[in-house]
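Structure record follows, encoded as structure tokens.
The values are calculated or read from the model by the stated rules, or taken from the named source; none is laboratory data. Note that this is a predicted model, so its numbers are computed, not measured. Every residue, glycine as well, gets a Cβ built from its backbone with ideal geometry; the counts of neighbours run over all protein chains shown.
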Amino acid sequence: MAMLTKDDLRDLYSKGRQRGLQFLFSKLNPSALERTRSAFDDTAVEAANWWIIPRIREHWNECITGSRSQNYRQWLTQDFLKGRTGLKALSIGCGTASHELELAQSEIFESIRCVDLAKNRLHEAEQKAADLGLSNIVTECVNVYEAQWTEGSFDVILFSSSLHHFKGVHTFLRDRIRPLLKKGGYLIIHEYVGPDRLQLPKAQIRAINECLRLIPKPYRQIYQTHMYKNSFSGSGWLRVYLADPSECVDSSSILPAVRGLFQTVYERPFGGNILMHVLKDIAHHFTDATKEKEDLLEALIRKEEAYLSSHDSDFYFGVYQS
């Protein structure tokens, strides 16, 4: 386990440029909960992570639904849950609720309760719901462990990039989440399930660096800095913990827990082992589709697929039934 790496120092500088000194000082707060909240409570933050690249999102779609043009929300409403009505859903750690707002526009959901610790993000979700004329979005700023929800009151519970922020995943799902689902209800995850605290194995770090060397220098300039991403050393445990004590705290337990507590209905890996780390902080160079950049992204995708032929995926989409 690496306590501190070169990437930690680079990340400290880039985060200071992107989010300001106030954000960095917030990481000195002795409250673990407040440090977690500070990581997500700024809706104005701009970043350059892999998910902003259209081709990467298309790749996720291909992995999850089999079609570049159909995301998992569309698959749920157009295929898996087609014909159902009056469903009640709970989304935990929803952020600005972009996924939930898309689901709410179908006639399937009577209500989607969107829960998060970050008030600013929930406020943005409320505004977007109002703009779309949606009356089936309900927001709640509450700690999941303190919320008063009736057992068996939800048809669907969704974790979209949020379950990896919970410690003791097996116990959490067994004692807090499973009782909330109706009999036959669905747990849906779109999640990082890789190594705890982002402590990547050496083989993965080597593969990431091999891919970085494929990228021309101009495309390796780090977002809002004059620095270049020339190598990758991974995240140190200390920096991950200080930045967000909940980050990947028990992520490696997610798949064993959901498979053990629920019936697996549909499950698809969508990688991330290489692409997430290679493209972090330089993804802004690849949001416009030029031939050179398209070819480079395809080469990176093929490299990740080759790596996954002998390694487990760090990201999974899954539907599980109670």
Inset, instruction - With the checklist (1) surrounded by fewer than 15 Cβ atoms within 10 Å (Cβ to Cβ); (2) in contact with a Leu (Cβ under 9 Å, 6 or more places away or on another chain) in hand, flag the one item Leu261 doesn't pass. - result: (1)
Legend entry - Answer residue from region 197-238, given it is of a type in the set (Lys, Arg) and closer than 20 Å to Leu296 by Cβ and is surrounded by the most Cβ atoms within 10 Å (Cβ to Cβ) among those: Lys229
Legend entry - Long-range neighbours under 8 Å by Cβ, at least six apart or interchain, first residue over 12 Å from Leu132 (Cα atoms) within region 95-107, second part of a loop (DSSP other than H, G, I, E, B) and modelled with pLDDT under 95: Gly95/Ala118; Thr96/Thr43
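Specify which of the listed residues (Arg174, Arg220) is out of contact with any strand residue (DSSP E or B) (no Cβ under 9 Å at 6 or more places or on another chain) and in contact (Cβ under 8 Å) with a residue 40 or more places away in the chain.
The conditions single out Arg174.
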Legend entry - Elements of type helices (runs of 4 or more DSSP H) contained in region 65-178, each with 2 or more residues being surrounded by fewer than 19 Cβ atoms within 10 Å (Cβ to Cβ) and acidic (Asp, Glu): 119-131
Inset, instruction - With the checklist (1) modelled with pLDDT of 95 or more; (2) more than 23 Å from Gly318 (Cβ to Cβ); (3) under 19 Å from the mean Cα position of the chain (by Cα) in hand, flag the one item Thr150 doesn't pass. - result: (3)
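Would you check if Tyr192 is in contact with a Cys (Cβ under 9 Å, 6 or more places away or on another chain), of a type in the set (Phe, Trp, Tyr) and surrounded by 14 or more Cβ atoms within 10 Å (Cβ to Cβ)?
Answer is yes for this residue.
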